[in-house]
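Encoded as structure tokens, the structure appears first; notes follow it.
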Amino acid sequence: MGSALVAAVEGRENPSVGLLNIGIEDIKGNDSVKQAAELLRASGLNFHGNVEGDDIYKGTVDVVVCDGFVGNSVLKASEGVAHMIVGFLRQEFSRNPLRKLSALI
């Protein structure tokens, strides 16, 4: 579904797909992840292979596949980091009046 969505929305003919895992090596991961990798290899999709968490934001692949628990954990952690950064920026720009003015410009 992710590959079809990227193809339709972004106009990419053959989006790359990666499987989120604890390492890029084929021997890593639990049995479910290893089985998912086998299915993705046989699927006809442009399967890149395993990807790690930092590959999500590097753009290593167009689509990252994972189970629901892992996906929700990654989304919640990413959301938390984004809120933290916004909070730090607001705090920094509100330290003194000159910074407040520079933030408005």
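Miscellaneous remarks
- Residue check for residue 41: over 17 Å from residue 74 (Cα atoms) and out of contact with any Gly (no Cβ under 9 Å at 6 or more places or on another chain): no
- Being among the hydroxyl-bearing types (Ser, Thr, Tyr), open to solvent by less than 90 Å² (accessible area, probe 1.4 Å) and touching a residue at least 60 places away in the same chain (Cβ under 8 Å) is a description that applies to residue 3.
- Spans of strands (runs of 3 or more DSSP E) in region 8-105 with at least 1 residues open to solvent by less than 100 Å² (accessible area, probe 1.4 Å) and of a type in the set (Ser, Thr, Tyr): 16-20
- Scan of region 43-83 for residues that are in contact with a strand residue (DSSP E or B) (Cβ under 7 Å, 6 or more places away or on another chain) and either without any contact (Cβ under 8 Å) to a residue 24 or more places away in the chain or β-branched (Val, Ile, Thr) (or both), ordered by number: 51, 56, 60, 61, 63, 64, 65, 70
The values are calculated or read from the model by the stated rules, or taken from the named source; none is laboratory data. Please read these numbers as outputs of a predicted model, since none were measured by experiment. Note that each Cβ is placed from the backbone with ideal geometry, even for glycine, and that neighbours are counted across all protein chains shown. With ligands, DNA and RNA removed, areas are computed over all heavy atoms of the protein, side chains included. Shrake-Rupley method; radii C 1.70, N 1.55, O 1.52, S 1.80 Å.
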